[in-house]
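Asks: Encoded as structure tokens, here's the structure I'll be asking about.
Bear in mind these aren't lab numbers, they're just calculated from the coordinates by the rules spelled out. All of these numbers come straight from a predicted model, not from anything done at the bench. Glycine gets a Cβ as well: all are built from the backbone with ideal geometry, and neighbour counts include every protein chain shown.
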Amino acid sequence: MPQPLTEQIRIDHESAVQHAGSVARSTAFSLGWSDSLAERAAVVAGELAGNLAKHASQGVIYLQPLPPGDAMEIIAVDRGPGMLDLALCLTDGYSTAGTLGGGLGAVRRIAQEFTIRTERGTGTVASARLAVPGRPAGDPGLGAVCLPVEGERVGGDAWRIDETDGVRTVVLVDALGHGETAAEVARAAVRVHRRDPSRPLPEVLTALNKGLRHTRGAAVAVLRTERGRTEWCGVGNIRCRVVSPDGTIASVASGPPGVVGWNMPRPMVRRVESPPGSTIVLHSDGIDDRWIRSPSPFLLRLPPPLLAAALTHAHRIARDDSTVLTIGTRRTHDL
Ligand SMILES: [Mn+2]
């Protein structure tokens, strides 16, 4: 599948609604989808965007292919006003603006997975996922948004997830610099990881250090969950936090300063304590780290796909590539 880079569409004008639909259509075609499936994706994007245009302030659509492939996610996020009656808004055909569109009810009907949270005075976040029939619509416990610097098409942030024999490995790369040169480094890192994803974490870092020699290098973090135990290993300024259902946020110690491919210190593996129901948040420095100072209860209770979008929308640093990955901790019986 293509690198899961997120398309951002600001819904600041009625014409952006149509644009959201055509981006969904072209993403669908890039995934090799049929005309009818691409049309469904366009309808979902158009309805979500139309909703933002009519009712919301600072609405944004995030749109991306989802691993392991054959799936697409369309996220709508805004800064308010939030919905008074979510159940009513989800009624098929309900529309306060008096349009003929099927509204959120249609989105829920068309998408394989639909998750929405709203709070009056705060705003609304919704994720709609579509997939090729018979294929999973991504992992409901996984959220991601990966954006290049505002105005660039590509960037130095990249991520990848691998599941092999019950071992799940997530890697997040932030290559130095921006644009195409940084994107090449990020792609190289993803290729190196793909070759042997389940080797011990320090060896993942060592292989990346070797593979990125003669490049400008990158900050890298690798997270692994195996038999309910999660470990983290990183170099450079990628953050790892655990958001618990009770609203507490724990910080996993940052990796030592350094640049993978250039001057990498000895990688240190750290245990990540993540109680059932908690969410692990990994993000690059294109997200303002001060979000942990006073997060709202609304934010902290969001399911992983919505948390990634809400964090990005509220705390993104537009002059840097920014990535948020959110990984829900599976309940013990799922392990
Ligand atoms: Mn960065």
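Asks: Give me the percent relative contact order of the chain, please, defined on Cα pairs under 8 angstrom at least 6 residues apart.
Replies: Values: 825 pairs, mean separation 49.9, N = 335.
It rounds to 15 percent for the chain.
Asks: Fully extended, how many nm does the chain gain between GLU14 and THR91 (0.36 nm per residue separation, minus their Cα-Cα distance)? Each step should come with its number before you reach the end.
Replies: Numbers: separation 77, 0.36 × 77 = 27.72 nm, distance 2.33 nm.
Gain on stretching GLU14 to THR91: 25.4 nm.
Asks: Let me ask something else about it. Using only the alpha-carbon atoms of segment 149-202 as identical scatterers, what base-10 log of I(q)/I(0) does the Debye formula give at q = 0.14, 0.20, 0.21 Å⁻¹?
Replies: Per q value, in the given order, log10 I(q)/I(0) is -0.40, -0.69, -0.73.
Asks: Based on the inverse mean of 1/r over its pairs of different Cα atoms, what is the Kirkwood hydrodynamic radius of segment 7-131, in Å?
Replies: Numbers: mean 1/r = 0.0709 Å⁻¹.
Evaluated over segment 7-131, this radius sits at 14.1 Å.
Asks: Using the count of nearby Cβ atoms within 10 Å as a rough guide to exposure, how do GLU113, GLU163 rank from fewest to most?
Replies: Values: GLU113 19, GLU163 15.
The most exposed by this proxy come first: GLU163, GLU113.
Asks: Right, here's the next one. Between segment 195-244 and segment 161-191, what's the alpha-carbon centroid distance in Å?
Replies: Between the Cα centre of segment 195-244 and that of segment 161-191, the gap is 9 Å.
Asks: Now a separate question. For segment 243-335, take N as its residue count and report Rg(C-alpha) divided by 2.2 N^0.38 Å. Don't skip to the end; give the middle numbers.
Replies: Working: Rg = 14.5 Å, N = 93, 2.2 N^0.38 = 12.3 Å.
Ratio of Cα Rg to 2.2 N^0.38 Å: 1.18.
Asks: Points 7 angstrom from Cα along the Cβ direction at ARG229 and LEU300: gap in nanometres?
Replies: 2.9 nm
Asks: Also: By how many nm would the segment from GLU152 to THR206 grow when fully extended, if each residue of separation counts as 0.36 nm and the alpha-carbon distance is taken off? Please report the intermediate quantities before stating the final value.
Replies: Working: separation 54, 0.36 × 54 = 19.44 nm, distance 3.01 nm.
Extra length available between GLU152 and THR206 comes to 16.4 nm.
Asks: Find how many whole Å separate the alpha carbon centroid of segment 264-323 from the alpha carbon centroid of segment 19-54.
Replies: Taking the Cα centre of segment 264-323 as reference, the centre of segment 19-54 is 28 Å away.
Asks: Quick check: net charge around ILE74, other residues with Cβ under 12 Å of its Cβ, Lys/Arg +1 and Asp/Glu -1? Provide the component values of the computation, followed by the final result.
Replies: Details: positive: ARG25, ARG40, ARG129; negative: GLU7, GLU47, GLU73, GLU113.
Neighbourhood net charge equals -1.
Asks: List, in order, the whole-Hz ³J(HN,Hα) value for each residue of segment 52-62 obtained from phi through the Karplus relation with A = 6.51, B = -1.76, C = 1.60 and θ = phi - 60°; use x for Gly and Pro.
Replies: Going residue by residue, I get 5, 4, 7, 10, 10, 10, 6, x, 9, 9, 10 Hz, with x marking Gly and Pro.
Asks: Quick one: if the Förster radius is 41 Å, what FRET efficiency do ARG290 and ARG191 give, using the C-beta to C-beta distance and rounding to 0.05?
Replies: On the way: r = 34 Å, r/R0 = 0.83.
Rounded to the nearest 0.05, the efficiency is 0.75.
Asks: Which whole number of Å³ per residue matches the convex hull of the alpha-carbon atoms in segment 147-280?
Replies: Details: hull volume 14.4 nm³, N = 134.
It comes to 108 Å³ per residue, whole-number rounded.
Asks: Could I ask something else about it? Using Cα pairs closer than 8 Å and at least 6 residues apart in sequence, work out the relative contact order for segment 142-334, in percent.
Replies: Details: 472 pairs, mean separation 49.1, N = 193.
Taking the mean separation of contacting Cα pairs over the length of segment 142-334, I get 25 percent.
Asks: For ARG229, ARG129, ARG168, ARG195, which order do you get if you count the other beta carbons within 10 Å of each Cβ and list the fewest first?
Replies: Details: ARG229 12, ARG129 22, ARG168 19, ARG195 9.
Going from least to most buried by this count: ARG195, ARG229, ARG168, ARG129.
Asks: So, by mean Cβ neighbours within 10 angstrom, what's the order for 79-85, 205-211, 277-283 with the highest one leading? List each step's numbers first, then the result.
Replies: On the way: 79-85: 15.3, 205-211: 19.6, 277-283: 22.7.
Packing proxy ranking, top to bottom: 277-283, 205-211, 79-85.
Asks: Reported to two decimal places, what Rg/Rh ratio describes the chain when computed on Cα atoms with Rh from the Kirkwood expression?
Replies: On the way: Rg = 19.3 Å, Rh = 20.1 Å.
On the Cα set of the chain, Rg over Rh gives 0.96.
Asks: How much mean residue ellipticity at 222 nm does the chain get from its helices, if each DSSP H run of length 4 or more adds -39500 (n - 2.57) and you divide by all residues, to the nearest 500 deg cm²/dmol? All intermediate terms of the calculation are to be shown ahead of the outcome.
Replies: Numbers: 8 runs with 93 residues, N = 335.
The helix-only estimate for the chain comes to -8500 deg cm²/dmol at 222 nm.
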